[in-house]
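Working notes, beginning with the structure itself.
The values are calculated or read from the model by the stated rules, or taken from the named source; none is laboratory data. Note that the structure is predicted; figures quoted are calculated from it, not measured. Ideal geometry is used to build each Cβ from the backbone, glycine not excepted, and the neighbour counts take in all protein chains shown. Surface accessibility is based on the protein's heavy atoms, side chains included, excluding ligands, DNA and RNA. Shrake-Rupley method; radii C 1.70, N 1.55, O 1.52, S 1.80 Å.
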Amino acid sequence: MDKKIVIIGAGVAGINAATKLIDKGYSGDLITIIDKGSDPFKRKPEEVMTGMLGAGGWSDGKLTYHTAIGGQLSKYCGEEKAMELMKQVVDNFTRFHPKPEEIFCSDPQEEPDFIKPYFGLRLFPVWHIGSNYLHEIAINWYNYLVDKGVKFAWNLEVTKIDFNLGIFDVISNDKTTDQDCENYSGIFDKLIFAVGKSGIDFAQKLADEYKLPDEPKSVQIGVRFEAPQKYFQKLIDVSYDFKLYQKHDNVSLRSFCTNNNAAYVAVEETYGDITYNGHAKKGEQFRNDMTNFGILMEIKGIEDPFTWSREVVQKCQLETEPGQGFNWKSGLYYSPNETRKPTLTSEEEPIKCVRPDGLDTVKEAFQGHFEYIENFISDMNKVFEFGDDWGMYIPEVKYLSPEPLVNYDNLSLNQYPNVHFVGDALSARGITVSGAHGIYVAEAIIRGF
């Protein structure tokens, strides 16, 4: 086992892969992890897209534990193996948790009657890690891998990969140093491509360059909805991370990533555009008695879902009003209540957003699909009776480029057996499934040597 393994992306998929390799006796000196972001000591809380543990592992402490949520893991390895892999991800978060005794699993069983006339409710187990512990977990996990000899290259962006020759090139994203990028250009025997959401553009570029056969994915786009928690308490008592859904002919909708008690909206900047997500903090000092969740549409029949989603996001970027002393474009905040204002981030900073004059711009951007979201909110109002006491941040998006076809036994590209796609690069759409991808590949690599 003397092959050099390069992992692109220090998110949940890449870190779990490295950990599994180390635990199985692979030499850390042969593993290099490259990431556009910062290590957990330097990574700022508001840097939600890149860095140690990626987007989800840095801001979302809920690990779903079901194969029906977050991607097609069981398609590759079967139901029983998929559940085992996801449990290993939970065990790793537990292993590096400063207070593992505080982790608990919620497992709701029965759908309440008051939901049934308007929505379906998906019930499944969720492990609650605690969002406010994630940064400590990241530090503990990072120290473990460094102690085992794993080399990390931070603030470096991989710009080119030659699958045939096994070489890659990088540029530095760190403007505060004169870092010599040539030190990090190099070769690999095995490549684990774990770029996460912030690298989907690069994944698409590689797919085009190498003409990788793929499976088209649907559009995943919507808004981040926010309202006082009191309106949703009767459902939260049944299912903390509830998943409401509605299904239409070519559009299905679901609530996504529910946050309660101390619920905050997070800004994500991808490809220069502002979109929104959410996370929760643990501890009474963070309580704001709010609930937020995504309302996401899955739209089928769009010829080029990735490009279509990008165009919708771009059309939902508006400039700040003149005379405010600064000028930038941002996503949007809308509420039918003109006195309701956007909340603050968990760092007590204003959320970057612009309040539009009505929803005409949004409806035009969504090309007739926004009425599904409006109807979803209207039906929620019938159940939860929040009136006009709510707001939404526009847009929230899950960029899903076409899923490359891979070998089911090790997630390697069909034409390039030394290159493995994992996580969001393989349309994982979730923390637990992404981590499971990484572990699955690591196990296959160990078997192959």
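Being surrounded by fewer than 16 Cβ atoms within 10 Å (Cβ to Cβ) and over 26 Å from Gly358 (Cβ atoms) is a condition met by at least one residue of region 263-279.
Quick check on my filter: what residues within region 220-262 are farther than 19 Å from Arg122 by Cα, surrounded by fewer than 24 Cβ atoms within 10 Å (Cβ to Cβ) and touching a helix residue (DSSP H, G or I) at 6+ places or on another chain (Cβ under 8 Å)? Result: Gln229, Tyr231, Asn261, Ala262. Does Asp35 satisfy being under 17 Å from the mean Cα position of the chain (by Cα), over 19 Å from Val433 (Cα atoms) and modelled with pLDDT of 95 or more? When the stated conditions are applied, Asp35 passes them.
Is it true that some residue in region 1-10 is part of a loop (DSSP other than H, G, I, E, B), of a type in the set (Lys, Arg) and either in contact with a Ser or Thr (Cβ under 8 Å, 6 or more places away or on another chain) or open to solvent by less than 10 Å² (accessible area, probe 1.4 Å) (or both)? Steps first, please.
So the first thing to find is which residues in region 1-10 are part of a loop (DSSP other than H, G, I, E, B), and the list is 1-4, 9-10.
With of a type in the set (Lys, Arg) added as a condition, the list becomes 3-4.
Still in the running and either in contact with a Ser or Thr (Cβ under 8 Å, 6 or more places away or on another chain) or open to solvent by less than 10 Å² (accessible area, probe 1.4 Å) (or both): 4.
Yes; the residues of region 1-10 include at least one that is part of a loop (DSSP other than H, G, I, E, B), of a type in the set (Lys, Arg) and either in contact with a Ser or Thr (Cβ under 8 Å, 6 or more places away or on another chain) or open to solvent by less than 10 Å² (accessible area, probe 1.4 Å) (or both).
Could you go through region 284-305 and let me know if any residue there is in contact with a helix residue (DSSP H, G or I) (Cβ under 9 Å, 6 or more places away or on another chain) and basic (Lys, Arg). No. May I ask you to list the residues in region 46-74 that are farther than 11 Å from Val12 by Cα, outside any loop (DSSP other than H, G, I, E, B) and of a type outside the set (Val, Ile, Thr)? Ser59, Lys62, Leu63, Leu73, Ser74 - these are the residues of region 46-74 that are farther than 11 Å from Val12 by Cα, outside any loop (DSSP other than H, G, I, E, B) and of a type outside the set (Val, Ile, Thr).
Looking for whichever is farther than 20 Å from Gly57 by Cβ, in a helix (DSSP H, G or I) and open to solvent by 20 Å² or more (accessible area, probe 1.4 Å) here; the options are Glu110, Glu136, Glu101. Which one fits? It would help to see each step written out before you state the result.
Values: Glu110 fails: in a helix (DSSP H, G or I); Glu136 fails: farther than 20 Å from Gly57 by Cβ.
Testing whether each residue is farther than 20 Å from Gly57 by Cβ, in a helix (DSSP H, G or I) and open to solvent by 20 Å² or more (accessible area, probe 1.4 Å) leaves just Glu101.
Here Asp208 fits the description: open to solvent by 50 Å² or more (accessible area, probe 1.4 Å), more than 25 Å from Glu385 (Cβ to Cβ) and part of a helix (DSSP H, G or I).
Looking only at region 301-310, filter to residues that are touching a residue at least 40 places away in the same chain (Cβ under 8 Å) and under 21 Å from the mean Cα position of the chain (by Cα); which one of those is most open to solvent (accessible area, probe 1.4 Å)? The qualifying residue most open to solvent (accessible area, probe 1.4 Å) is Arg310. Restricting attention to region 418-449, the residues being aromatic (Phe, Trp, Tyr) and farther than 20 Å from Pro305 by Cβ number 2.
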